[in-house]
Amino acid sequence: MTALLEVKDLKVAYGKIEAVKGISFEVNEGEIVCLVGTNGAGKTTTLRTLSGLLKPVGGTVTFDGKPLAQVPAHKIVSLGLAHSPEGRHIFPRLTIAENLQLGAFLRTDKEGIEKDVERAYEMFPILGERRKQAAGTLSGGEQQMLAMGRALMSRPKLLMLDEPSMGLSPLMMQKIMATIAELKATGTTILLVEQNAQAALSLADQAHVMEIGKIVLSGSGQELLHNEDVRKAYLGED
Amino acid sequence: MHELPQQLANGLALGALYGLIAIGYTMVYGIVQLINFAHGEIFMIGGFGALTAYTALPTGTSLLIAIPVMIVGGALASVAVATAAERFAYRPLRSAPRLAPLITAIGLSIALQQLVWQFYPDAKKAVSFPEFKGEAFKITDSLSIQRADLFVLILAPLCMLALGIFVQKSRSGRAMQATAQDPDTAKLMGINTDRIIVMAFAIGAAFAAVAAVAYGLDKGQINFEMGFILGLKAFTAAVLGGIGNIYGAMVGGVVLGLAEALSIAYIEDIPGMSQLGGGAWSNVWAFVLLIVVLLVRPQGLLGERVADRA
Ligand SMILES: Nc1ncnc2c1ncn2[C@@H]1O[C@H](COP(=O)(O)OP(=O)(O)O)[C@@H](O)[C@H]1O
Ligand SMILES: [Mg+2]
């Protein structure tokens, strides 16, 4: 079986500055693959490139058997790749319900969409209670739930989450991580970028450590969780 | 002494005209943060498109039949020019520093004026436009509304209503709101933001064409330079109402129109200001109003809170 997502020697640059310097990894169906690494390592750049928001300067990306290089950003989601961006980026002046509807922008099955909206409200009851409220009025954690719910509305084959726990209270962080574990249990394939390495690695089937544009260490989540260097650098131990 | 109801009616009609043009500035700004300074010329092109359509009609066609044809002709011309400008002048500059599209807009504005001046038959001076003649509607002894004013007073609210429903209720309208609030994330939803931007230019151009027909019917003539001052006024209206906000554009237009009409009528009655009244000073008062409003409310009357636009 071939991987759902195959990234080979991907290079991305901002002008002359190369932010991703030739990375390769795969995501298989049903897995959680985690990218960890310090700020500025190139994780967000990688996800934005997979979504077509940035154009690579080298390498190939194959998703579900199709090359992504020439696909414009607005056509990516229809292939089954959904992206919950860093910083959440909900539409602040639209309501929660409208934000969720936008996640299903290209779907035409009205009933299925309604069902999935209800499912998002079940997953995150607070969103259901505030469905008519402008999304900008939500707290950071609630906005994160909305961003995840919105990404799921396209029924993606692969869900990319960029730092879903960034800036959240420990309690909210736990809630988000528990949701990711639930999604994994229901078979959702996830590419997860996280600063909160402890929680992320314990969920991950495979993980990669990025440093200044390169993958410097790869292994299963458990392997990295118990790796000396990783513990020192990312889990705050010395 | 001027009658107040009459001045208010005049101001309202003028304001509705400004508002229709202002929609074009505000929609484009709301979505791509570009001040399309060539929009005044898009309005002017709408006028010439309408006139061309009128000329193609058999002589003696009643105005009631001719007006819809003129609106369609004007809109075809203005939308074609506006979308071409977007595609070939502005889109290639979307990631360039802000000054580049601004300078392009000014260049485009001059180029469009010169093209009409050079190539439209007899357009080197004002050309006559079918005038909406006939009795003004007399409402009371002191209030009567010209037919051309009635035209804009009916059409402007209808256009606003249609636009409001489109933006709030339709799928494309929702996509337009999303694109205005966060273009990259809109793409992640599967929205073709390039198409949405073209749509914003097109809607603004069509509204400008309606305004141009109203203007022509009122004045009985149009000219290649008419987009300059009206464009500037409409831009002022858009900023006054809160640029980026479609309802703000109409509110800004109406406030500006009323302020001008009232300043023409009443400023000279204020003791010591007799020199500063009348039509000659109305533009000055319009800009004074703009400055005062922006000092108190920098985001404009209905402006979006800047903080949301992260
Ligand atoms: N829009 C941008 N323009 C220029 N450089 C950028 C831009 N975004 C990120 N970078 C640079 O690219 C590198 C990788 O950033 P990023 O992908 O955001 O890292 P991470 O998500 O791992 O923190 C950093 O050095 C950052 O400064
Ligand atoms: Mg990042």
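The values are calculated or read from the model by the stated rules, or taken from the named source; none is laboratory data. Computed from a predicted model, the values in this text were never measured in an experiment. Cβ sites come from the backbone with ideal geometry, for glycine too, and all protein chains shown count toward neighbours.
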Residues being among the aliphatic types (A, V, I, L, M), more than 9 Å from every other protein chain (Cβ to nearest Cβ) and within 16 Å of B:Gln181 (Cα to Cα) - total across region A:74-96: 1
Region A:43-67, subset surrounded by 22 or more Cβ atoms within 10 Å (Cβ to Cβ) and more than 14 Å from every other protein chain (Cβ to nearest Cβ), residue nearest to A:Asp9 (Cα to Cα): A:Thr46
Number of the condition not met by B:Thr52 [criteria: (1) of a type in the set (Val, Ile, Thr); (2) buried (at least 22 other Cβ atoms within 10 Å of the Cβ); (3) more than 22 Å from B:Leu102 (Cα to Cα)]: (2)
Residues satisfying the stated conditions in region B:180-220, i.e. hydrophobic (A, V, I, L, M, F, W, C), surrounded by fewer than 23 Cβ atoms within 10 Å (Cβ to Cβ) and touching an Asp or Glu at 6+ places or on another chain (Cβ under 8 Å): B:Val198
Residue tally, condition away from ligand 1 (no atom under 16 Å from the Cβ) and closer than 22 Å to A:Tyr121 by Cβ, over region A:72-108: 21
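Every residue, every condition in (1) over 24 Å from A:Val193 (Cα atoms); (2) buried (at least 20 other Cβ atoms within 10 Å of the Cβ); (3) out of contact with any helix residue (DSSP H, G or I) (no Cβ under 9 Å at 6 or more places or on another chain), yes or no:
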site: A:Val77; (1), (2), (3): no, yes, no
site: A:Thr95; (1), (2), (3): yes, no, no
site: A:Leu102; (1), (2), (3): no, yes, no
site: A:Thr108; (1), (2), (3): yes, no, yes
site: A:Tyr121; (1), (2), (3): yes, no, no
site: A:Ile126; (1), (2), (3): yes, no, no
site: A:Gly140; (1), (2), (3): no, no, no
site: A:Leu146; (1), (2), (3): no, yes, no
site: A:Gly149; (1), (2), (3): no, yes, no
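One line per residue, one yes/no per condition, for (1) in contact (Cβ under 8 Å) with a residue 40 or more places away in the chain; (2) closer than 22 Å to A:Ala120 by Cβ:
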| residue | (1), (2) |
| --- | --- |
| A:Lys157 | yes, yes |
| A:Glu163 | yes, yes |
| A:Met166 | yes, yes |
| A:Pro170 | no, no |
| A:Leu183 | no, yes |
| A:Gln195 | yes, no |
| A:Leu201 | yes, no |
| A:Met210 | yes, no |
Qualifying residue in region B:83-103 (condition: touching a residue at least 40 places away in the same chain (Cβ under 8 Å), buried (at least 23 other Cβ atoms within 10 Å of the Cβ) and within 19 Å of B:Met226 (Cα to Cα)): no
Residue, nearest to the other protein chains (Cβ to nearest Cβ), within region B:187-244, restricted to residues that are out of contact with any Phe, Trp or Tyr (no Cβ under 9 Å at 6 or more places or on another chain) and of a type in the set (D, E, K, R): B:Lys187
Complete set of residues in region A:1-21 that are at pLDDT 95 or above, among the small types (Gly, Ala, Ser) and more than 18 Å from A:Met160 (Cβ to Cβ): A:Ala13
Exclusive hit being over 20 Å from B:Asp184 (Cβ atoms) and within 16 Å of ligand 2 (Cβ to nearest atom), set A:Ala41, A:Ala3: A:Ala41
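Table: residues versus (1) surrounded by fewer than 18 Cβ atoms within 10 Å (Cβ to Cβ); (2) part of a loop (DSSP other than H, G, I, E, B); (3) out of contact with any Ser or Thr (no Cβ under 6 Å at 6 or more places or on another chain).
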{"position": "B:Ile229", "(1), (2), (3)": "yes, no, yes"}
{"position": "B:Leu232", "(1), (2), (3)": "yes, no, yes"}
{"position": "B:Ala261", "(1), (2), (3)": "no, no, yes"}
{"position": "B:Pro271", "(1), (2), (3)": "yes, yes, yes"}
{"position": "B:Ala280", "(1), (2), (3)": "yes, no, yes"}
{"position": "B:Phe287", "(1), (2), (3)": "yes, no, yes"}
Residue ranges of strands (runs of 3 or more DSSP E) in region A:128-238 with at least 3 members within 14 Å of another protein chain (Cβ to nearest Cβ) and closer than 30 Å to A:Lys110 by Cβ: A:158-162
Pair list, Cβ < 7 Å and 6+ apart or interchain, from region A:6-19 residues that are without any contact (Cβ under 8 Å) to a residue 40 or more places away in the chain to residues that are within 12 Å of ligand 1 (Cβ to nearest atom) and assigned to a strand (DSSP E or B): none
Residues within region A:4-54 that are more than 15 Å from A:Leu159 (Cβ to Cβ), among the hydrophobic types (A, V, I, L, M, F, W, C) and within 14 Å of ligand 1 (Cβ to nearest atom), tallied: 11
Flag if A:Pro85 is farther than 30 Å from A:Gly42 by Cα and of a type outside the set (A, V, I, L, M): no
Filter result for the condition that a residue is within 14 Å of another protein chain (Cβ to nearest Cβ), without any contact (Cβ under 8 Å) to a residue 12 or more places away in the chain and under 30 Å from B:Ile67 (Cβ atoms), over B:Gln168, B:Gln177: B:Gln168
Hits in region B:137-179 - residues which are surrounded by 12 or more Cβ atoms within 10 Å (Cβ to Cβ), of a type in the set (Ser, Thr, Tyr) and touching a helix residue (DSSP H, G or I) at 6+ places or on another chain (Cβ under 7 Å): B:Ser172, B:Thr179
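For every residue, the table says whether it meets (1) more than 25 Å from A:Ser24 (Cα to Cα); (2) more than 15 Å from ligand 1 (Cβ to nearest atom); (3) of a type outside the set (Ser, Thr, Tyr); (4) buried (at least 21 other Cβ atoms within 10 Å of the Cβ).
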| residue | (1), (2), (3), (4) |
| --- | --- |
| A:Gln174 | yes, yes, yes, no |
| A:Met210 | no, no, yes, yes |
| A:Ser220 | no, yes, no, no |
| A:Glu223 | no, yes, yes, no |
Filter result for A:Phe124 (farther than 22 Å from A:Lys214 by Cα, of a type in the set (Phe, Trp, Tyr) and facing another protein chain (nearest Cβ under 9 Å)): no
Filter result for A:Leu161 (closer than 22 Å to A:Pro85 by Cβ and aliphatic (A, V, I, L, M)): yes
